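For reference, the structure is listed below as structure tokens.
None of the figures in this text is laboratory data; all of them are computed from the coordinates on show. The structure displayed is predicted, hence computed values, not measured ones. Here the Cβ positions follow ideal geometry from the backbone for every residue, glycine too, while neighbour counts run over all protein chains shown.
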Amino acid sequence: MVLTPQLLQAIKLLQMPNLELSSFIENELASNPLLERAEETEAREAPPEPPGEPAGDAAEPGDWASDRLETSTAALEAGLGTEVGNAFEPDRGGPAAADPGLGEGLTAGAWSGVGTGGSPSGEAPDLEAYVAETTSLHEHLERQAGIILADPAERMIGSALIDGLDEAGYLVGDLDEIATRLGTTRSAVEAVLLKMQTLEPTGIFARSLAECLALQLKERDRFDPAMAAMIANLPALARRDFALLRKVCGVDDEDLADMIAEIRRLEPKPGRAFGDAPGAPAIPDVYVVAAPDSTWRVELNAQALPRVLVNETYAAVIRRGAARDQDKQYISAQLQSANWLTKSLEQRARTILNVASEIVRRQDAFLVSGVSALKPLNLKMIGEAIGVHESTVSRATAHKFIQTPRGLFEMKYFFTASIPSADSGEAHSAEAVRQRIRQMIDEEDPENVLSDDSIVEQLRKAGIVVARRTVAKYRDSLRIPSSVERRKLKMSPLGSQRTRGDSLPADA
């Protein structure tokens, strides 16, 4: 099938997220003179305000917000309710002494920086100029290095070490290579490295996870021989081999629990606080709210939908005044492009609304009861219900978000695989089964930890047919340890700590 440029544009618009679509619309507004924002048209057609009415509340006599500045002593005393005296010696021969009336009649607008935000032209201040700038890790370290490294040669080495950091704050550059490149010795580079490891954030410039944790423990004065032995055996900590750790550290169960809790409070990636700038927040494309008749009302987010209009009047005026055929052809092409864009945006909004409405209809139980009631759903089911191809549904749900009473979700979240029922009944959603496994493990008896086979058997009794490898895959996706590791953890003094999603620094 041959796709026309207009159809390609419609397909592209459908799968665009909000921010990308807004950028695309801005480019079209700048390039097509017949397109304009709907807000501008509404403002232009709005009736003017009746004259003679003040924009705001009138200032009361003596009000400090009034436009006229009171500069006389009597007026100041009346406004403050007290006497105004001069704590300094009177000026001998200054401008005020020469002209007692100086300052009389001045208005707030006559002062630079008063009422106009400091702009002589009277324009509003640019607030974006005062927004705090995001500091990168390199900039943060360069500023500190300039304070602790006084020698120019050391500063050059320090800059080379900063360039050798990765995003997590670890030194991945080779010290011998740095020394050769700068024409110095390895010992000189190591000496500067020791100074750089004292910078903030603590743990920066470490060459391994063990060194990173050791730097943080030393700062807290917690790097005793027992903790040093713990850091030297991080693989055993990751395996939760508590028997080996008790032996190498020479501590009992209670002390071991305290040491592990201390390590959990450390930062395994000190540089991530200075990572990339935070991404744009997710903006819902659709809102789902409860209606008075116990149904769900699905609405498009009007604030997220760009509204553009075609100025037909302007197009007609230009077409009548165009003398050359090229000008008339240009206006016709721009008018056709503008009309197609507005139709594509309307079709995009209609498709997203239809898809969201069908998702809400099929996942009504989720909105009422939560994730345990999530039903199996795929693109084909939605496409057949609303009369479009499943590829259209895929584009309509890509990077789109829906705000429900249970939170903000990406539309793709509601599409889950189907798991058959043991009694040939209604199939179960894979996400619902995953959450059921999580709940079963959270509620298991510490003295009778559930194995994957036991979970399979309990699910079968509940009417859910699932293989053992599927249970293991779901458990791993939830970051839940195996039954052997959970038994070790729950029978140890750390048994009161959570076993779900609780990664040790050694896992970093």
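Here are a few things to note about the model shown:
- Other-chain or far-sequence residues with amide H under 5 Å of W296's (modelled H): A291
- Relative contact order of the stretch 178-330, pairs being alpha-carbon contacts under 8 Å that are 6 or more residues apart, as %: 13
- Full extension of the chain between K380 and Q6 yields a length gain of 132.1 nm, computed as 0.36 nm times the residue separation minus the alpha carbon distance.
- Shape category assigned to the stretch 295-451 from the gyration tensor of Cα positions, a/c cut at 1.5: prolate
- Label separation (R479 vs D252): 3.3 nm, computed from points 7 Å beyond Cα along the C-beta direction.
- Stokes-Einstein D for the stretch 208-274, Kirkwood Rh over Cα pairs, 37 °C, 0.692 mPa s (µm²/s): 270
- Packing, as the average of other Cβ atoms within 10 Å across residues, places the peptides 226-233, 201-208, 25-32 in the order 201-208, 226-233, 25-32, highest first.
- Per-pair calculated FRET efficiency, R0 = 25 Å: H389 and L300 via Cβ, rounded to 0.05: 0.70
- Gain on full extension, evaluated as 0.36 nm per residue between R265 and E346 minus their Cα-Cα distance, stands at 24.0 nm.
- At full extension, R186 and A290 could sit 30.6 nm farther apart than now, given 0.36 nm per residue minus the alpha carbon distance.
- Pairs exceeding a 22 Å alpha-carbon distance, out of K247/K473; K375/K473; K380/K412; K12/K412: K247/K473.
- Whole-percent pair-distance distribution, where bins are 10 Å wide, for the alpha carbons of the stretch 138-207: 21, 62, 17
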